Amino acid sequence: MTDLAAIKDAARKASFARRSPLFKAANAAQAGYLSEVLAGYRGVPLSGFMPIRTEIDPCPAMAEASAHGPVGVPVITGANQPLRFSRWTPEGAMIAGPFGAKIPETDDFFDPEIVIVPLLAFTRKGDRLGYGGGFYDRTLEQLRARRATLAIGFAFAGQEVDALPLEPTDQPLDLIVTEAGVIDVRG
């Protein structure tokens, strides 16, 4: 393991520990600011995520957005591959996918223009620490090569840190939305 990989691994462990009590204290209004942000993009194809472990839950905001345009969730197709996004509706049938996240029973793939990204930690500059598989970094790089793609990190405010170990392949976030507000890092 390289020094940077060891540093990132330690940061992930600390971030999981920091997120757990935030998750336990969460309430049903945690996606309120996310709903407000998405309301400004009605009808724009977007992808959220099905929360796992102690992730903040974007599903209420995703359900609202689905009344106005396509909403998808990520599907892992293989190691070292970009994510694909399959259409999701609140009432749609879901099955277990890799890593325990639910995915639509029937694939209906599309490319989103907005990607709501789960994370372990973030900085006010738009840096993000994920789980280490590189799925979102590969995916955002691919989507952004085709057209402008808005990456919205969605997390608890208490997941903010001052700095993160970064690699050249790490894709920045454009916005960070928490239960406490919105951080626009686009300048």
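The values are calculated or read from the model by the stated rules, or taken from the named source; none is laboratory data. Since this is a predicted model, take the numbers as computed values, not measurements. Don't worry about glycine lacking a Cβ; one is built from the backbone with ideal geometry, like all the others, and counts go over all protein chains shown.
Any chance segment 48-67 includes a residue that's touching a Lys or Arg at 6+ places or on another chain (Cβ under 6 Å) and over 17 Å from Val115 (Cβ atoms)? Reasoning before the result, please.
Step one: list which residues in segment 48-67 are touching a Lys or Arg at 6+ places or on another chain (Cβ under 6 Å), which gives 50, 54.
Retained after the next criterion (residues that are over 17 Å from Val115 (Cβ atoms)): 54.
Looking for residues that are touching a Lys or Arg at 6+ places or on another chain (Cβ under 6 Å) and over 17 Å from Val115 (Cβ atoms), one finds at least one in segment 48-67, hence yes.
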Restricting to segment 145-187, count the residues that are of a type outside the set (Ser, Thr, Tyr), closer than 21 Å to Leu4 by Cβ and assigned to a loop (DSSP other than H, G, I, E, B). 12
Among (1) in a loop (DSSP other than H, G, I, E, B); (2) crowded, with 20+ Cβ neighbours inside 10 Å - the single one Arg124 does not satisfy: (2)
Taking segment 1-54 only, how many residues are in contact with an Asp or Glu (Cβ under 6 Å, 6 or more places away or on another chain), closer than 25 Å to Gly97 by Cα and of a type in the set (S, T, N, Q)? 1
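From the list Gly69, Gly48, which one is within 18 Å of Leu140 (Cβ to Cβ) and touching a strand residue (DSSP E or B) at 6+ places or on another chain (Cβ under 8 Å)? Spell out how you get there, then give the answer.
Working: Gly69 fails: within 18 Å of Leu140 (Cβ to Cβ).
Within the list Gly69, Gly48, the selection yields Gly48.
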When (1) surrounded by fewer than 17 Cβ atoms within 10 Å (Cβ to Cβ); (2) part of a strand (DSSP E or B) are applied to Phe99, the one that fails is (2)
Among what's in segment 24-56 and is within 17 Å of Tyr131 (Cα to Cα) and surrounded by 15 or more Cβ atoms within 10 Å (Cβ to Cβ), pick the residue that is farthest from the chain's Cα centre (by Cα). Thr54
If I go through segment 86-96 residue by residue, how many of them are touching a strand residue (DSSP E or B) at 6+ places or on another chain (Cβ under 8 Å), touching a residue at least 24 places away in the same chain (Cβ under 8 Å) and not in a strand (DSSP E or B)? 1
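Right, Glu105: exposed (fewer than 15 other Cβ atoms within 10 Å of the Cβ), touching a residue at least 12 places away in the same chain (Cβ under 8 Å) and not β-branched (Val, Ile, Thr) or not?
Values: exposed (fewer than 15 other Cβ atoms within 10 Å of the Cβ): yes; touching a residue at least 12 places away in the same chain (Cβ under 8 Å): yes; not β-branched (Val, Ile, Thr): yes.
So Glu105 passes the test.
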Could you look through segment 62-71, keep only residues that are touching a helix residue (DSSP H, G or I) at 6+ places or on another chain (Cβ under 9 Å) and either assigned to a strand (DSSP E or B) or free of Cβ contacts under 8 Å to residues at least 40 places away in the same chain (or both), and pick out the one that is surrounded by the fewest Cβ atoms within 10 Å (Cβ to Cβ)? His68
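Just one of Thr123, Thr169 is over 16 Å from Arg19 (Cα atoms) and touching a residue at least 12 places away in the same chain (Cβ under 8 Å); which is it? Explain how you work it out, then say what you get.
Details: Thr123 fails: over 16 Å from Arg19 (Cα atoms).
Unique residue meeting the criteria: Thr169.
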When segment 64-81 is examined, which residues are found to be modelled with pLDDT under 95 and of a type outside the set (A, V, I, L, M)? Thr77, Gly78, Asn80, Gln81
